Amino acid sequence: MTKKMMRLGLSMRGLGYHPAAWRHPDVPVNGASEIEHYHTVARHAERGKIDMIFFADGAGVRAKDTPKGSLARLGQYITDIEPTVLLASISAVTTHLGLVTTASTAYNEPYNLARRFAGLDLMSHGRAGWNIVASWSNEEAKNFGLEQVRDYGERYERAAECAEAVTGLWDSWEDGAFVLDKESGIFFDESRMHRLNFEGKHFKVRGPLNARPSEQGRPIVVQAGNSPAGRDIGAKLAEVIYTASNTIEDALTYYADMRERLAKFGRPPDALRVMPGFRTYIGRTREEAQEKFEMLQDLIDPVVGLSFLADTFGDLSGLPLDEPIPADFKPAGDREGISGWADRLIARSRQDGKTIRELYLEQAGQASSNYVGTAADIADIMEDWFHKEACDGFNLTVPHLPGGAADVSDLLVPELQRRGLFRTEYEGRTLRENLGLPPHRNRYTGADRVREASIA
C-alpha cells in the first residue's frame, strides 16, 4: 500500500505575506511587477517538489487609506501582473509545478473563465487550477459599475451558478472526440461534442467551449471560502480547499465538516485535499528564525501598523503609540459587526498592559498564525496536524519572496522528506496526478469511455 504523502502549496502573490516584505533588503522592491521575480519564486518551488503555486488575486486596490498616508506606505498587493498571464509565462519555465490562481465569479462571465483556464491548462500540459471566489470588497465592486458588493446570498448564488457553468463547459469534449484523421477527413467525432445549454438566474451559456481538454481532463477546482455557502460550493465541485485554521482544534473541526459535506454531495473522501494556510519563519537555529521574524516586524511603518487596527478602532494616529488605549476611548464610525471584537481587544490589551504599538505589531505581524523555528520545529507541528487528520497538507504563505520560498525548499522540504512525509520526486506530469486525485471523468462519458488513470 502506498504511503499517504503530505501535499504542499506555496502562495506567491507579490512580495510575500508580511506587510513590510517590500522593505526587506533581499526583496526586489518592484518585484511584484517583474516576471523575473515570479520565475525565481517558481523555480524555488519546483526545486522543492512543491505541488503548486497559488496566486490570490484581487480585481483592484482593496486596502483603505486609514490613517491617511498608510496606503502609500503599504507596498503590499498594490500593483502586480494579471495572474493568468503571469502563470502562462511561468508554465514555460517549469515542467511539473501546479499553477493555480483566483478568478472572481462576481466580475467574470463563465465562458471567458472556462476558456482562459482551459488555455492555461493546455499550455502547461495539465497543471492549471482555478480558485473560486465570490469577492467581498467594495473597492473592487466600484471598478465594475457597482457602488458596493452584492449581498451575501446573491454573491454565493452567482458563484455557485458560475462554477457549475464553467465546469460544465470544460466537459464540452469527451475523450476521443478529436479523431484528427487526415485520410478520412474527419477532424472530430460529432457525437462526442456537447453543448452545455446552461440557464440559471445569473448566467445563460450555450457552449460548447472552443478549447479541447488537457492531459488532466480539466483544470483543478480550488475553493477558499470559509462561509457555509462557500464550503458547500467546495464540497460539491472543488478538489482542493484552502482554509485558515490557527489551531489544530480549528483544523480538525473544519476537516470533519468538509468530509460531512462531501458525503452530502455523494463524493468520496479522496476527492478533496484540505490545505490550511501556514506561515513559516524558518532558520537553521531558533535564534535565526526569530531574528527573521523580528527583522520584518521592525520594518513595519507605524502608519501602516495603525491601518491594521483601523477597521476595529478607527484612526488612532492621534494617540501616543507607546501607551495603552485610553480608558475612555470609544471606537469611531459604524461599529456594527465589529463592536464585540473591538471591546474584547480593548479589554485584553488593558489587561495585558499592551501599548498601541504592541497591538499593531501583533495584528500586522499576524502573531497568532506564525510558526517560527527550525525546520524540525515546524515539521513537528505539520506532522502532528497531518497524522491527526486535521488536513491533507498545507498552503505555505511565506513572509517574503523569494527568500521565503528558498527557505522552504532548502530547509523545510528536506526535513519532511527525511521523515517520509513528502515526495522526493514528482509522481506525474499533471497537477491532478501529483495531488493524488482520482482521474477526471467527463460527465458525458459512458462506462466504455472512462479516462485512463495514468496519462503519459
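The values are calculated or read from the model by the stated rules, or taken from the named source; none is laboratory data. Just so we're clear, the structure is a prediction, and the values are computed from it rather than from any experiment. Neighbour counts are summed over all protein chains in view; Cβ atoms, including those assigned to glycine, are modelled from backbone coordinates with ideal geometry. What goes into the accessible areas is simple: the full protein's heavy atoms, side chains included, and nothing from ligands, DNA or RNA. Shrake-Rupley method; radii C 1.70, N 1.55, O 1.52, S 1.80 Å.
The table for this structure:
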{"quantity": "Rounded accessible area of residue 286 (nearest 10 Å², 1.4 Å probe)", "calculated": "150 Å²"}
{"quantity": "Cα Rg over Rh - region 121-237, Kirkwood", "calculated": "1.07"}
{"quantity": "Region 220-283, relative contact order [Cα under 8 Å, separation at least 6], %", "calculated": "35 percent"}
{"quantity": "Label-point separation, residue 294 to residue 197 (7 Å along Cα→Cβ), nm", "calculated": "6.9 nm"}
{"quantity": "Cα-based Kirkwood hydrodynamic radius, region 12-97, one decimal, Å", "calculated": "13.8 Å"}
{"quantity": "Rg to Rh, two decimals, where the chain supplies the alpha carbon set and Rh follows Kirkwood", "calculated": "0.98"}
{"quantity": "Using a Förster distance of 51 Å, the FRET efficiency for residue 441-residue 284 (Cβ separation, nearest 0.05)", "calculated": "0.65"}
{"quantity": "Rounded tilt (10° steps) of 339-352 against the dominant C-alpha axis of the chain", "calculated": "50 degrees"}
{"quantity": "Gyration tensor (alpha-carbon) shape descriptor, region 223-335, a/c threshold 1.5", "calculated": "oblate"}
{"quantity": "23 Å Cα-Cα threshold exceeded, pairs from 64/354; 292/388; 64/142; 142/330; 49/236", "calculated": "64/354; 292/388; 142/330; 49/236"}
{"quantity": "With DNA, RNA and ligands ignored, accessible area of residue 96 (1.4 Å probe; Å², nearest 10)", "calculated": "60 Å²"}
{"quantity": "Cα lying deepest toward the dipole's positive end in the chain, options 314, 15, 38, charges on Cβ", "calculated": "38"}
{"quantity": "Mean Cβ count within 10 Å, highest first, over the residues of peptides 85-92, 250-257", "calculated": "85-92, 250-257"}
{"quantity": "Karplus-derived HN-Hα couplings along region 74-87 (A = 6.51, B = -1.76, C = 1.60, θ = phi - 60°), whole Hz, x at Gly and Pro", "calculated": "5, x, 10, 6, 8, 10, 7, 10, 3, x, 6, 5, 4, 5"}
{"quantity": "Solvent-accessible area of residue 295 with every protein chain in place, 1.4 Å probe, in Å² to the nearest 10", "calculated": "70 Å²"}
{"quantity": "Spacing of the two label points (7 Å from each Cα toward its C-beta) at residue 82 and residue 151, in nm", "calculated": "3.3 nm"}
{"quantity": "Estimated 222 nm signal from helices in the chain, with DSSP H stretches of n ≥ 4 weighted -39500 (n - 2.57), rounded to 500", "calculated": "-11000 deg cm²/dmol"}
{"quantity": "Region 352-429, dipole about Cα centre (Lys/Arg Cβ +1, Asp/Glu Cβ -1), debye to the nearest 20", "calculated": "160 debye"}
{"quantity": "Cleavage-rule hits (trypsin sites (Lys or Arg not before Pro)) in region 2-41: DSSP loop, at most 10 neighbouring Cβ within 10 angstrom", "calculated": "3"}
{"quantity": "Dipole moment magnitude, nearest 20 debye, the chain about Cα centre, only Lys, Arg, Asp, Glu C-beta charged", "calculated": "900 debye"}
{"quantity": "Contact order relative to length of the chain, as percent, for alpha carbon pairs under 8 angstrom and 6 or more apart", "calculated": "23 percent"}
{"quantity": "Cα centroid of region 1-56 to Cα centroid of region 418-433, whole Å", "calculated": "18 Å"}
{"quantity": "Spin-label model distance (nm) - residue 330 vs residue 226, 7 Å beyond Cα toward Cβ", "calculated": "3.1 nm"}
{"quantity": "Cut-off under 5 Å, modelled amide H: who pairs with residue 15 long-range", "calculated": "77"}
{"quantity": "P(r) histogram, all alpha-carbon pairs of region 4-147 included - 5 Å bins from 0, percent", "calculated": "2, 9, 17, 20, 19, 16, 10, 5, 1, 0, 0"}
